[in-house]
Structures are given as structure tokens and as C-alpha cells.
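See below for the structure under consideration.
The values are calculated or read from the model by the stated rules, or taken from the named source; none is laboratory data. Since the model is a prediction, treat every value here as computed from it, not as a measurement. Quick reminder, even Gly has a Cβ in these numbers, built from the backbone with ideal geometry, and neighbours come from all protein chains shown. Just the protein is used for accessible areas: all its heavy atoms, side chains included, with ligands, DNA and RNA removed. Shrake-Rupley method; radii C 1.70, N 1.55, O 1.52, S 1.80 Å.
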Amino acid sequence: MARYRFHCTNGRECVFDAVGNDIRAPHRLMRRAEAVARDVMRSLGAGGDWAEWHVTVHDLRGRRVLVRPFLSVDPPAQGRDRPARTARRARDGDGLGQAA
């Protein structure tokens, strides 16, 4: 089992995953990235423009292992309004580009 962090950005705003998630099998990274994208869409407003948003998945050494555009993810179901569990939001490039 390995721990991964799931960060989201549109190049101007960021949602950082400060804790990460333990993932048993690498093929489950995509499913978790999609769930994170839906959580962010739900918490920031499902009616937003998600064209520039994507989830970047990093291992604990900071290596990027996966990028998933929000537009490739089914939108969140209506009626569920809970925030992303381990996220911290930053604006205007605060912390952008530090982990690649």
C-alpha cells in the first residue's frame, strides 16, 4: 500500500490534499482521482466552469504519477453537498508549481 496526494488546480486556484490517501493497487488511482474531482466540484459549486481544472496525483516523494481532467469525470450527483475531506484551497498561484 502506498500513500498518494490528490491536488486540484485550474492554474489560478488550487485545492491541496494535505493528508493523502492510502491506495492498495495502482489501478485504483484513477477511481480515487475521479472521486476527488467530484468532491471539489461539489464543494466549490457544481455549476462552475471546470474546463481548465484537473487532478494531479503525486506520490510522497512529490513525483507526479497521474493527471486527470475534470471534464473527463462524470459530474457530482445532485443533493450531496459535502466538502472535500482533506483539502486546503489557495488562490492566485499560492503554492502552484512547487511539486511536479
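At-a-glance table
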item: Total residues in the range 1-12, condition farther than 19 Å from residue 61 by Cα and of a type in the set (Phe, Trp, Tyr); result: 0
item: Residue within the range 80-100 that is charged (D, E, K, R), in a loop (DSSP other than H, G, I, E, B) and at pLDDT 70 or above present; result: no
item: Qualifying residues in the range 13-39 (those that are within 11 Å of the chain's Cα centre (by Cα) and of a type outside the set (A, V, I, L, M)) - the one nearest to residue 59 (Cα to Cα); result: 20
item: Pair list, Cβ < 7 Å and 6+ apart or interchain, from the range 22-50 residues that are free of Cβ contacts under 8 Å to residues at least 24 places away in the same chain and within 26 Å of residue 2 (Cβ to Cβ) to residues that are not in a loop (DSSP other than H, G, I, E, B) and not hydrophobic (A, V, I, L, M, F, W, C); result: 22/3; 23/4; 23/32
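Per-residue answers, yes or no, for (1) open to solvent by 70 Å² or more (accessible area, probe 1.4 Å); (2) within 14 Å of residue 73 (Cβ to Cβ):
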| site | (1), (2) |
| --- | --- |
| 7 | no, no |
| 11 | no, no |
| 20 | no, no |
| 24 | yes, no |
| 27 | yes, no |
| 35 | no, yes |
| 41 | no, yes |
| 47 | yes, no |
